[in-house]
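Heads up, the thing below is written out as structure tokens.
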4 protein chains.
Amino acid sequence: MSRKYRVGILGATGTVGQRFVQLLENHPQFEVTALAASDRSAGKRYSQACAWKLAGAMPEYVKEIVVEPIEPPLDCDFVFSSLPSNVARETEEAFARAGFPVISNSSVYRMDEDVPLLIPEINHEHLGLIETQRTTRGFGRGFIVTNPNCAVASFAPPLAALDRKFGVESVFVTTLQAISGAGYPGVSSFDITDNVLPYIAGEEPKVEIEAQKILGNLVEGAIEKADFIVSAQCFRVDVLDGHTASVRVKLRQTSTLEEVFEAFRTFPSLNLHSSPEHFMEVCDEPSRPQPRLDRDNGKGMTVTVGRLFPDNIFDYRFVSLSHNTVRGAAGSAILNAELLIDKGYFK
Amino acid sequence: MSRKYRVGILGATGTVGQRFVQLLENHPQFEVTALAASDRSAGKRYSQACAWKLAGAMPEYVKEIVVEPIEPPLDCDFVFSSLPSNVARETEEAFARAGFPVISNSSVYRMDEDVPLLIPEINHEHLGLIETQRTTRGFGRGFIVTNPNCAVASFAPPLAALDRKFGVESVFVTTLQAISGAGYPGVSSFDITDNVLPYIAGEEPKVEIEAQKILGNLVEGAIEKADFIVSAQCFRVDVLDGHTASVRVKLRQTSTLEEVFEAFRTFPSLNLHSSPEHFMEVCDEPSRPQPRLDRDNGKGMTVTVGRLFPDNIFDYRFVSLSHNTVRGAAGSAILNAELLIDKGYFK
Amino acid sequence: MSRKYRVGILGATGTVGQRFVQLLENHPQFEVTALAASDRSAGKRYSQACAWKLAGAMPEYVKEIVVEPIEPPLDCDFVFSSLPSNVARETEEAFARAGFPVISNSSVYRMDEDVPLLIPEINHEHLGLIETQRTTRGFGRGFIVTNPNCAVASFAPPLAALDRKFGVESVFVTTLQAISGAGYPGVSSFDITDNVLPYIAGEEPKVEIEAQKILGNLVEGAIEKADFIVSAQCFRVDVLDGHTASVRVKLRQTSTLEEVFEAFRTFPSLNLHSSPEHFMEVCDEPSRPQPRLDRDNGKGMTVTVGRLFPDNIFDYRFVSLSHNTVRGAAGSAILNAELLIDKGYFK
Amino acid sequence: MSRKYRVGILGATGTVGQRFVQLLENHPQFEVTALAASDRSAGKRYSQACAWKLAGAMPEYVKEIVVEPIEPPLDCDFVFSSLPSNVARETEEAFARAGFPVISNSSVYRMDEDVPLLIPEINHEHLGLIETQRTTRGFGRGFIVTNPNCAVASFAPPLAALDRKFGVESVFVTTLQAISGAGYPGVSSFDITDNVLPYIAGEEPKVEIEAQKILGNLVEGAIEKADFIVSAQCFRVDVLDGHTASVRVKLRQTSTLEEVFEAFRTFPSLNLHSSPEHFMEVCDEPSRPQPRLDRDNGKGMTVTVGRLFPDNIFDYRFVSLSHNTVRGAAGSAILNAELLIDKGYFK
């Protein structure tokens, strides 16, 4: 067995940081060697610095690691970042400039022209942007890659399946998003108990622009965005994990319901450690997908689609669901790292 | 002051039946004189037959009334009905045939061609169908009028405002519906805690067809339906009361955002006892409407609209909310009764 | 009708502050003339400074009032205070010293020997401490009175009824407390959804010591505490409003179940504006009291008791419930102000 | 490896039945060969008969098994039963009489003098009652063993630890019970959202009597019950899984806090397949145990204890938690089966 890559986590005490810690326990390719968090935490053992919020105990392996300030260098081969937007731009660039590959879950670099916005099953060839990025920004060994917004991750996969086969023209999506998407403490219980919030700051614009980049083509070192339009309305509901998307799509090409089913079912998964057996699963039961029952499909990495029907205005409607802190955040970033290894970017 | 009308309630022990009982306490025009419920309840005092589920105590006035079987005649001038669909068709017709005006919250007659489907502020002239109905069905004094599905009631009012001013062509609606809409015991807590249900049996078709009738025109004793199309996806969320609708509309005529605001704000209310001061309220705050905070606006009879913006595919998007067991059920039926008095149908 | 007293609210933008604003709308004796809040809010109109979190709209009367810093003098006859503990001690004393009666919902002065801890129905004679307080502290017109912790308010009333008739020796109480008790944003939704929290910082000691003072006797200008012992375990549950207490009591004197019922039912209410018709209500139904159904009894000022049975270790067990931000906070403070007027302390 | 025992499940489609199906997947000693459920389900494949409600998909192994009526014989070596009380007495006896060991989660036989009420870590020697039972009831190979009520399972383990070391005299317990304890559909969401229910039918008496039998001694073929008294108040809260118990105990013998900690920590687990590594875990953090974070400790078989402090009336107070459908139901029954194999009762 080959050596393990040494991993640093930026923002290690937050909810997504905790997911990284949880998902990297016993990972065959990665070993966590550095944890960085805000000044308040730096200098403490992780077990003291972090109020563990996930079900199950804090993994043993991480308890004694002393948390460091969020600045390069760290004792690791590359870093995962789940920094808040206000510090991510400067800090992630500093790490890349210092020679660290940065696999970021933050939103700030996602739409930069030279930064890959990856869902590996859909667009791994976008890694070609790293070359561009290194040239443009004068990075050496370092670079930045990103994964999409957690709400986008819940419906971009079925969209990709449709776009490849039939061409997508327009998409209406209404999301019902879990509270873990807001971090911790995040949403006040007084706001969400017996309630729905019709507004998530900054979310609708992100949901409307990311999918076109993800489904774009890499042409001569740049992304040509896909030319469909997404209209998004985003709601917060009282669900712990799992974003649900209510979707209607208008296609460019006629298709039968059976062909659409097939397009979802046969979209290939990858052969990476964190790849689920099925990238997408399609439910037959009328009352699925449900976040509590389906968010953990494929250990949180499978996107579950259901209620697929012809629509009376557009072509099709369906409901799509994924785990927002696994497929929509930490799990997705880890998959990106596995992809980078597989494609030789960590040599 | 004129005499009070004597009222019977069919299905008096259910959740909507309880709302009737609550809303009719101290009503200036109505006096509850008959309560009818299933055989299991018949013969008992209401206080014994009914497990009261609404906040606040069961009103005193109703406790000693002995529940009767659901069959005509009852000792009253007209009846409110909140019967389940499987018994409503036969029973409501029996009451109408026996000379009782039936003001129904059930779904079975809503789409019958000779039955008014009323939102009084929008289409009170549809009462003209009663004449047709009496002729067609050979009713004497009796007749049947209905109010819309509770989800339709949450977005038909802003739709009406838009249709009158600019013409509506297409509507995408995704609903986030409260658990009280399923009656009692209704939704199992094991299904909805930490969860969203993407399916409500029979709901999407109802939501897709009722609005066109409501916004139709009465022409020579029949309704010409409005010719827009509604596409609906319906979800159940863990909210006690208050249905939220995520809406996009395509209009036939160009309009400015300010004109749309105006259309909502200036749509007239009526001068009936249960009419709210404002039929629709429009929120400025970005995070409103919210079911827990806004469902009781106008004592549950106001429809609250917010997050009105231009849409990037259709013309406008907005979020609309109303109280599903008041504006969407019992309150709406009571308003229908007040309208019928006002228009002389109870003479 | 006599003139209205002019009221200031310290901490006017918090959850309890908002309850004050809501409950004082149209109050026959009080008129809100000053709102004070943290520096961040000072200088803004209340409608801009305050994110209104209660059901229903922010009352019109308060919207244009400009929020002031929390320091004396304010343009009012007395102040209600719902300041956080860390600033309450100094600030409330400053107001009292400046001549303002301070009616505080804060915890800091509750156990001070010369400060009344009031539930007016139980111990209005403790107002005699004001004399002592003015002497001790050198206050002029000003003074400080307090109301109990919100959890104590949920079971002290039935305890008082038992203590007066039969003498209480020991009390085990386990509380199930609502999230509004933690203020806003308070409890993270990620902590309480599908969960129970077995710990509320600082709560158990407060619950264990306040009742003895409330039920004590004023003797020569000082309180002789009641000599029973309270053991408390406090839990947070996912309920918006309404604290529930599971109680067992050991009495000093034998009593029949019927006598205990009588003691609860006949404990007199007062004749003040905010007094409920019944200070305590006793439920017969086996599944009551429930916070959602019973918290608003007596407009939130009635304490509802149920499940009263003989206990197999102590003498009796019962469940007791009250609205934690009305009877347990703002409503209680307003009742204290009405009592002070009635007893002539505002002359 | 030895052969697998062939298992039947009575009540296989209910919530506890589903837990049996889930926990028995890939069990090294058991193979499910028969599923029995009500007449409505009999004759259908399990995948059609059962609305799967647990997170994750229905296990493949069980989908094609045809559900049979609940009557002996079934094609298996022994049966697990999770039948409702009204049918359990007759049916379980019929299976026992027909030669099947019956490992029951039902309440009906728990307190019968000749039926073991088992928590294997505490009282496996009670298996001696099987001999008595076979004699008394004229059973051949068959017999009935039971596991305790799910609420009792949450606090009997720490009680056992205390009773063995120091002797328990009196126990006050207040339970905060999960909705899954009520089965499916069980608790209506309209009853429990934003609410607490202070009543669970029949629960308090069960909680008050079972622990004394569990902690009793087998003397000459009969159980001498432990002679402490339990006082129980039982509440339902909006939690999916995990019963929390608020406990105070009076001991017969003086003990230090450290000794009590030790008694909990050192109580031995067993060496059976479903035994957790730690029968009890003791939390240090002030805000634990919490149902969502701790119910899955030891795969749902560990009882988690926290908030252990001296009490001011009794000797100690603590909070105890276990997974009500694993340690409190299906997992416990499976552990009983493993114990029976280990002790040679299935030969």
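Of the residues A:G8, A:G43, A:G56, only one is under 22 Å from A:G142 (Cα atoms) and either surrounded by 19 or more Cβ atoms within 10 Å (Cβ to Cβ) or not assigned by TED's automatic domain parsing to the domain that holds A:G186 (or both); which?
Just one listed residue meets the conditions, A:G8.
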Residue selected from the range D:288-306 under the condition within 11 Å of chain C (Cβ to nearest Cβ) and open to solvent by 20 Å² or more (accessible area, probe 1.4 Å), by the criterion farthest from the chain's Cα centre (by Cα): D:R288
Options C:F318, C:F235, C:F309, C:F314; residue that is over 30 Å from B:S189 (Cα atoms) and in the same structural domain as C:V171 (by TED's automatic domain parsing): C:F314
Number of positions in the range A:16-40 that are within 14 Å of another protein chain (Cβ to nearest Cβ) and surrounded by fewer than 23 Cβ atoms within 10 Å (Cβ to Cβ): 1
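If a residue has to be open to solvent by 40 Å² or more (accessible area, probe 1.4 Å) and either in a helix (DSSP H, G or I) or within 20 Å of B:T91 (Cβ to Cβ) (or both) to count, how many in the range B:59-78 make the cut? Can you show your working first?
Going through the range B:59-78, the residues open to solvent by 40 Å² or more (accessible area, probe 1.4 Å) turn out to be B:60-61, B:63-64, B:66, B:68-73, B:75.
Right, trim to either in a helix (DSSP H, G or I) or within 20 Å of B:T91 (Cβ to Cβ) (or both) and you get B:60-61, B:63, B:66, B:68-73, B:75.
Matching residues across the range B:59-78 total 11.
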In the range C:191-218, residue most open to solvent (accessible area, probe 1.4 Å) [restricted to those that are within 7 Å of another protein chain (Cβ to nearest Cβ) and in contact with a Pro (Cβ under 7 Å, 6 or more places away or on another chain)]: C:Y199
Residue in the range B:97-120 that is in a helix (DSSP H, G or I), under 27 Å from B:Q290 (Cβ atoms) and more than 14 Å from chain A (Cβ to nearest Cβ) present: yes
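Are there any strands (runs of 3 or more DSSP E) wholly within the range A:173-287 with 2 or more residues that are over 18 Å from the mean Cα position of the chain (by Cα) and under 19 Å from A:N149 (Cα atoms), and if so which?
A:229-236, A:243-251
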Close pairs (8 angstrom Cβ cut-off, 6 or more residues apart or separate chains): in contact (Cβ under 8 Å) with a residue 12 or more places away in the chain in the range A:41-55, part of a strand (DSSP E or B) and open to solvent by less than 20 Å² (accessible area, probe 1.4 Å) anywhere: A:A42/A:A36; A:Y46/A:L35
Enumeration of residues in the range C:12-36 that are in contact with a strand residue (DSSP E or B) (Cβ under 8 Å, 6 or more places away or on another chain) and either in a helix (DSSP H, G or I) or not β-branched (V, I, T) (or both): C:A12, C:G17, C:F20, C:V21, C:L24, C:Q29, C:F30, C:E31, C:A34, C:L35, C:A36
Yes/no for D:V16 being more than 21 Å from the chain's Cα centre (by Cα) and closer than 28 Å to B:N195 by Cβ: no
Qualifying residues in the range A:336-346 (those that are assigned to a helix (DSSP H, G or I) and in contact with a helix residue (DSSP H, G or I) (Cβ under 9 Å, 6 or more places away or on another chain)) - the one most open to solvent (accessible area, probe 1.4 Å): A:D342
Hey, D:G138 within 20 Å of D:T91 (Cα to Cα) and either without any contact (Cβ under 8 Å) to a residue 40 or more places away in the chain or small (G, A, S) (or both) or not: yes
Hits in the range A:56-85 (condition: under 26 Å from A:G202 (Cβ atoms) and in contact (Cβ under 8 Å) with a residue 40 or more places away in the chain): A:I70, A:V79, A:F80, A:S81, A:S82, A:L83, A:P84
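Looking at B:R265, B:R252, B:R248 in this structure, which one is open to solvent by 20 Å² or more (accessible area, probe 1.4 Å), of a type outside the set (D, E) and touching a residue at least 60 places away in the same chain (Cβ under 8 Å)?
Working: B:R265 fails: touching a residue at least 60 places away in the same chain (Cβ under 8 Å); B:R248 fails: open to solvent by 20 Å² or more (accessible area, probe 1.4 Å).
One residue alone meets the criteria, B:R252.
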Filtered residues of the range A:121-154 (kept if under 25 Å from A:H273 (Cα atoms) and assigned to a loop (DSSP other than H, G, I, E, B)): A:R141, A:G142, A:N147, A:P148, A:N149, A:C150, A:A151
Meets criteria (crowded, with 16+ Cβ neighbours inside 10 Å, free of Cβ contacts under 8 Å to residues at least 40 places away in the same chain, among the small types (G, A, S) and not in a loop (DSSP other than H, G, I, E, B)) for C:A88: yes
Which numbered condition A:T266 fails, given (1) in contact with a Gly (Cβ under 9 Å, 6 or more places away or on another chain); (2) of a type in the set (V, I, T); (3) away from chain B (no Cβ under 14 Å): (1)
Search result, residues across the range B:123-146 that are open to solvent by 10 Å² or more (accessible area, probe 1.4 Å) and not acidic (D, E): B:H124, B:G128, B:T132, B:R134, B:T135, B:T136, B:R137, B:G138, B:F139, B:G140, B:R141
Test: residue in the range C:327-335 that is more than 11 Å from chain D (Cβ to nearest Cβ), under 29 Å from D:R307 (Cβ atoms) and open to solvent by 10 Å² or more (accessible area, probe 1.4 Å): no
Residue count for the range C:222-240, restricted to those that are within 10 Å of another protein chain (Cβ to nearest Cβ) and either more than 30 Å from D:I192 (Cβ to Cβ) or aliphatic (A, V, I, L, M) (or both): 7
Candidates B:S189, B:S180, filtered to the one that is touching a Phe, Trp or Tyr at 6+ places or on another chain (Cβ under 8 Å) and not assigned by TED's automatic domain parsing to the domain that holds B:P101: B:S180
Checklist (1) of a type in the set (K, R); (2) crowded, with 18+ Cβ neighbours inside 10 Å; (3) over 30 Å from B:T193 (Cβ atoms) applied to D:R3, failing item: (2)
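So, in the range D:147-185, of the ones that are of a type in the set (F, W, Y) and open to solvent by 10 Å² or more (accessible area, probe 1.4 Å), which residue ends up nearest to the other protein chains (Cβ to nearest Cβ)?
Per the stated criteria, the residue is D:Y184.
The values are calculated or read from the model by the stated rules, or taken from the named source; none is laboratory data. Since this is a predicted model, take the numbers as computed values, not measurements. Ideal geometry is used to build each Cβ from the backbone, glycine not excepted, and the neighbour counts take in all protein chains shown. Heavy atoms of the whole protein, side chains included, go into the accessibility calculation; ligands, DNA and RNA do not. Shrake-Rupley method; radii C 1.70, N 1.55, O 1.52, S 1.80 Å.
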